[in-house]
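Notes follow once the structure below has been shown.
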Amino acid sequence: MDIDQDTDRGGRSCCSCCLSFIFTAGLTSLFLWLSLRPDKPKCSIEYFYVPALNKTLDAHSRLNTTLNFMVRLANPNRDQGIYYDDVHLSFSNTNSSVANYTVPRFYQGHKKKAKKWGRTLPMNNQTVSRAVLSNGSAVFRMDLKTQVRFKILFWKTKRYGIEVGADVEVNGDGVKAHKKGIKMKKSDSSARLRSYYPICVLMNLLVFFAIR
């Protein structure tokens, strides 16, 4: 009889130790995640120039219908790097696509900024003319789409989609009207990256208290 009681106590003690370990591991993981969770990269348009819209150039120079630009991608994280897949840029006006450009994949260290310059293939003259408004300025839409993985300590997260964009007003000199960088805004997946893991930890804690 005593042997059965000792066995029962030993089983309960072992189970209690296992549950305590799961509980402690869950809390530790939660605290680590809260301290290491990554923030989305910040994207902005710093330079935008269409020579064909520069009224100060002669007629021959204005035949250049390329679109020249520079986008800046900033990693705001103090401890996490970012692996970018190919960054796809699309340019449009009045809901019609005018050009595309791809920035090859790259890695960005923590608290680093990357400036990506590019030049699209020439647009046709009708496309450029349609972008011009009655006041003489022009408006283009620039959208950015890519997938990123965050480097946290010695491992990488799964891929998360980033989709942002902004309208760019071009003045009579062919450059963007706003001197400061234009922030590209839209929904992205970094919010989901923050939320899934804590939910899993919370579920483990609820199971622990239910068994107990």
_For the structure I just gave you, tell me whether Arg192 is open to solvent by 80 Å² or more (accessible area, probe 1.4 Å), modelled with pLDDT under 90 and farther than 24 Å from Ser97 by Cα._
yes
Listed by range, strands (runs of 3 or more DSSP E) wholly within the range 65-120 having at least 2 residues that are touching a residue at least 24 places away in the same chain (Cβ under 8 Å) and surrounded by fewer than 13 Cβ atoms within 10 Å (Cβ to Cβ) are 113-119
Residue hits (the range 70-98; at pLDDT 95 or above and within 30 Å of Leu133 (Cβ to Cβ)) are Met70, Val71, Arg72, Leu73, Val87, His88, Leu89, Ser90, Phe91
- prompt: Is it the case that Leu67 is in contact with a Cys (Cβ under 8 Å, 6 or more places away or on another chain) and at pLDDT 95 or above?
  reply: no
Here the residues within the range 128-155 that are modelled with pLDDT under 90 and either open to solvent by less than 30 Å² (accessible area, probe 1.4 Å) or closer than 30 Å to Pro38 by Cβ (or both) are Val128, Ala131, Gly136, Ser137, Ile152, Leu153, Phe154, Trp155
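Within the range 123-133, is there a residue that is over 20 Å from Asp173 (Cα atoms) and in a strand (DSSP E or B)?
Taking the range 123-133 and keeping what is over 20 Å from Asp173 (Cα atoms), we get none.
No, there is no match, as no residue in the range 123-133 is over 20 Å from Asp173 (Cα atoms) and in a strand (DSSP E or B).
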Residues of the range 169-186 being surrounded by 14 or more Cβ atoms within 10 Å (Cβ to Cβ) and not in a strand (DSSP E or B), in sequence order, are Asn171, Gly172, Ala177, Gly181, Met184
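The values are calculated or read from the model by the stated rules, or taken from the named source; none is laboratory data. On a predicted model such as this, the values are computed, not experimentally measured, just so you know. We place every Cβ from the backbone using ideal geometry, glycine too, and count neighbours over all the protein chains shown. Heavy atoms of the whole protein, side chains included, go into the accessibility calculation; ligands, DNA and RNA do not. Shrake-Rupley method; radii C 1.70, N 1.55, O 1.52, S 1.80 Å.
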